[in-house]
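Readers should treat all values here as calculations from the given coordinates under stated rules, not as data from a laboratory. These numbers come from a predicted model, not from an experiment. Glycine gets a Cβ as well: all are built from the backbone with ideal geometry, and neighbour counts include every protein chain shown.
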Amino acid sequence: MPSYELAVILRKMSRPELVTTLKRTGQAIFEKGGIIRKIENLGTRELPYRMRVHNHSHTEGSYFLFKFDAPTNTLTNLHDSFLRDIDILRPSISKVEPVNFPEECTLEEELQPPAYRKSVEVLLKQDRKKIFKKGYKNLSNEYI
Amino acid sequence: MFYNSLRPITYIFRECRFINRRTLIGMKFSSVAESERDYEAVGEKISSSDDMVVGHLSVGMGVWMIPVRDMKNPYEKEKIKCILCKYGIHVDYKNIRLLSQFVSPYTGRIYDKHITGLCDAQQKKVKQEILKAQNFGFMPTITKEVKFFKDPKLFDPFNPKRPHPH
Ligand SMILES: [Zn+2]
């Protein structure tokens, strides 16, 4: 089971109502055979743009983050169930990505003149005739 | 006087094998006396440990530094790195304050890599995370948020480092 993140925006509600909706979302993950690792409160604030959900426009919302593990084939069903929930403005599930992302910075190589770059070397090795043939064909079709 | 100052170099040349012979010959030190009794050390002896030269010889007026074989080039320049790789910053869609530093306050669009000065991989990552944040409802799509307008600037968009991103 790979680990995922659910960033969910709830509509502005009173505290007991918030608790019940959060319990409902957590229960939905458990029902699909998932495990919740962590729940974070990212605060209530003004939305960056007006959202129109379930025939109501919203300008404020409370942000929550669920970190969970779930089987891959259940994600579409899970997302669909969240969309049908009235209290949820926007549920968005994303994959958790590695922390130290690029192993080495390639900026020095990119700053060199094009003849010394690896990416240009690959371009030079390609068959030039094929590329130009394609280009001419497309042009003739468009402009005649 | 000049003749005397050259003598210890030949001493090193004879005694220690780890000195690069070519460099010594190249410096025209080979024309020193050949008879064996002329060789005598003036300064301290060299202390060596496992193929690495540690000490130095003081001769007459000046100090002779000993050339070391298999040493890294001390004048090599440090590798250029982009800001995110240099400080090891993890780019994430929830960190909108960081992401909005790469967005224009005039047009609300993402700056290209010839302005931001990021490497190819990081620029792609920043672009992806900004789009993610906008779709997930964390970040505005049309403009930059006003509360981030006074944040420190990482680059000058009016004087890009390169003329174009290619
Ligand atoms: Zn980089």
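Summary of computed values
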item: Label point distance in nm, A:Leu124-A:Arg45, each placed 7 Å from Cα along Cα→Cβ; result: 4.9
item: Sorted by Cβ neighbour density within 10 Å, fewest at the top, the residues A:Val8, A:Val19; result: A:Val19, A:Val8
item: Ranked list, fewest to most other Cβ atoms within 10 Å of each Cβ, for B:His114, B:His164; result: B:His164, B:His114
item: Efficiency of FRET between B:Arg162 and A:Thr74 - r from beta-carbon atoms, R0 51 angstrom, step 0.05; result: 0.65
item: Likely footprinting exposure, A:Thr25, A:Thr106, fewest C-beta neighbours within 10 Å first; result: A:Thr106, A:Thr25
item: Distance (nanometres) between label positions extended 7 Å along Cα→Cβ at A:Asn55 and B:Asp92; result: 3.9
item: Local electrostatic count, A:Glu110, Cβ distance below 9 Å [Lys/Arg +1, Asp/Glu -1]; result: -1
item: Amide proton proximity set for A:Leu89, modelled H, under 5 Å, gap of 5+; result: A:Ile9, A:Leu10, A:Arg11
item: Length released on extending from B:Lys124 to B:Lys147, taking residue separation times 0.36 nm less the Cα-Cα span; result: 5.7 nm
